[in-house]
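Here's the structure we're looking at; comments come further down.
The values are calculated or read from the model by the stated rules, or taken from the named source; none is laboratory data. Predicted model only: the values in this text are computed from it and were never measured. Because the Cβ atoms are built from the backbone with ideal geometry, glycine has one as well, and the counts that use them run over all protein chains shown. Side chains included, ligands, DNA and RNA excluded: accessible areas come from the protein's heavy atoms. Shrake-Rupley method; radii C 1.70, N 1.55, O 1.52, S 1.80 Å.
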Amino acid sequence: MEIIVAESYEQMSRLAADMIERQLLRKPSSVLGLATGSTPVGFYQELVRRHAQQGLDFSKVITFNLDEYLDLSPSHPQSYRYFMDHNLFNFINVDPKNIHVPYGHTEEVDEFCDWYEQEIKRVGGIDIQVLGIGADGHIAFNEPGSSLGSRTRLKTLTKQTIDDNARFFDNPEEVPRFAITMGVGTILEAKEIILLAHGAKKAEIVAQALEGPITAQVSASALQMHRHVTVIVDAEGGSLLKRADYYRWVFEEKKRLVPRLIGKVT
Ligand code: GLP
């Protein structure tokens, strides 16, 4: 696991975009796993900018989103499909038929979840999965207690997640209680993972997930078992990491000596 403590949210977003750009240059038909939430907004803006100004090409890219609220239609402004359209998809040249976001209005949840897993396998698996982290340590909507081997399925959200997400809805009662989410096991099968976290509110859970024990009580701690994870946090998000000085030193040395090794586990 490589942990980068960036100076700012902007630098965090740029570093993540650098990794995606390198991946797309290496493999234009990459399969990208994408996340929602406020954390990746700057990263998506940076990808949109690079597409517009530098021609970063998404025409062959295939995308899979982590999760979606149950019973919100794709056109609902708080649905994750709507979020993705308005933060990324509408502004890049991704082929709409290559976009996958769990369909929250499905009648057949179990069948849909099995299909989603099969689709990921059919295209050869996810090359890079981008993640945020919830205040309770969830990745996607894998709330505390989710099996570290879990697959795409229906999950009930915790009170804390419902409260955290209430800010996006007119009325807290409107926040969905259920979501379709990739499982921790699904996420761990991605070939490479980038975890983004920013702000003081995430500092405690980031430290627990990265430097604490691996436990189903903190889903993000399962990333410690993955062979290629890059964590990029801003200074506030990384402020409670015990080894922050070491992570900063590694990053500076790489920048100075071998910049191409940034984002590579070595
Ligand atoms: C939601 C999403 C997660 C996301 C989390 C954090 O719960 N399902 O994928 O990581 O929010 O959101 P934010 O980035 O707004 O803190």
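With runs of 4+ DSSP H residues as the only contributors, calculate the mean residue ellipticity of the chain at 222 nm using -39,500 (n - 2.57) per run, divided by the residue total and rounded to the nearest 500.
Roughly -10000 deg cm²/dmol at 222 nm, from the helical runs in the chain.
Report relative contact order for the chain in percent, whole number only (criteria: Cα-Cα under 8 Å, sequence separation at least 6).
Computed value for the chain: 24 percent relative contact order.
May I ask what percent, to the nearest 5, of DSSP beta bridges between residues of the chain are antiparallel?
30 percent
So for ASP163, ASP67, ASP18, what's the accessible-area order with a 1.4 Å probe, most first?
Output order, biggest surface exposure first: ASP163, ASP18, ASP67.
Would you work out which of ILE139, GLY237, ILE3 lies farthest towards the positive end of the dipole of the chain? Charges go on Cβ: Lys and Arg +1, Asp and Glu -1.
The residue sitting farthest along the positive end of the dipole is ILE3.
Going Cα to Cα from LYS255, which aspartates and glutamates come in below 19 Å? Please leave out same-chain ones fewer than 8 positions away.
Leaving aside aspartates and glutamates fewer than 8 places away in the same chain, those within reach of LYS255 are GLU2, GLU7, GLU10, ASP18, GLU21, ASP234, ASP245.
Hey, quick one: spin label on VAL41, modelled 7 Å out along Cα-Cβ, who in region 76-102 has an amide N within reach, i.e. under 17 Å?
Under cut-off, by backbone N: 77-91.
Mind listing the phi-derived Karplus ³J(HN,Hα) values for region 15-30, rounded to whole Hz, using 6.51, -1.76 and 1.60 with θ = phi - 60°, and x for any glycine or proline?
With the stated coefficients, region 15-30 comes to 5, 5, 5, 4, 5, 5, 4, 4, 4, 5, 5, 5, 9, x, 9, 4 Hz.
Filter the cross-link list LYS27/LYS254; LYS202/LYS264; LYS201/LYS264; LYS97/LYS254 down to pairs whose alpha-carbon distance in this structure exceeds 32 Å.
Long pairs (Cα-Cα over 32 Å): LYS97/LYS254.
In the chain, how does Rg compare with the Kirkwood Rh, expressed as the Rg/Rh ratio over alpha carbon atoms?
Taking Rh as the inverse mean 1/r over Cα pairs, Rg/Rh reads 0.94.
With viscosity set to 0.692 mPa s and temperature to 37 °C, compute the Stokes-Einstein D of region 1-89, Rh being the Kirkwood radius across alpha carbon pairs; µm²/s, no decimals.
Result for D is 233 µm²/s.
Counting only residues 5 or more places away or on other chains, whose amide H sits under 5 Å from the amide H of ILE194 once H atoms are built in the peptide plane?
Placed amide hydrogens put GLN129, VAL130, LEU131, THR230 under 5 Å from ILE194.
Just order 178-188, 209-219 by mean Cβ neighbour count inside 10 Å, highest at the front, would you?
Per-residue Cβ counts within 10 Å, averaged per peptide and sorted highest first, yield 178-188, 209-219.
How big is the accessible area of SER79 in square angstrom, nearest 10, if you roll a 1.4 angstrom probe over the protein chains?
Ignoring ligands and nucleic acids, SER79 comes out at about 0 Å².
Give the ranking of MET12, MET225 by solvent-accessible surface, highest area first, calculated with a 1.4 Å probe.
MET225, MET12
Would you tell me the accessible area of HIS76, worked out with a 1.4 angstrom probe on the heavy atoms of the protein chains, in Å² to the nearest 10?
The value for HIS76 is about 60 Å².
Heavy atoms only, 1.4 Å probe, whole protein assembly: order PHE83, PHE168, PHE251 by accessible area, highest first.
PHE168, PHE83, PHE251
Which cross-chain or sequence-distant (5 or more) residues have an amide H under 5 Å from the amide H of ILE3, H modelled 1.01 Å from N in plane?
Under 5 Å from the amide H of ILE3 lie the amide H atoms of VAL231, each far enough along the sequence or on another chain.
Which whole-angstrom value gives the distance between the alpha carbon centres of region 1-79 and region 151-213?
Each part's Cα centre sits 17 Å from the other's.
What are the ³J(HN,Hα) couplings of region 73-82, residue after residue, when phi is run through the Karplus curve with 6.51, -1.76, 1.60 and θ = phi - 60°? Round to Hz, x for glycine and proline.
6, x, 8, 5, x, 9, 6, 6, 5, 5
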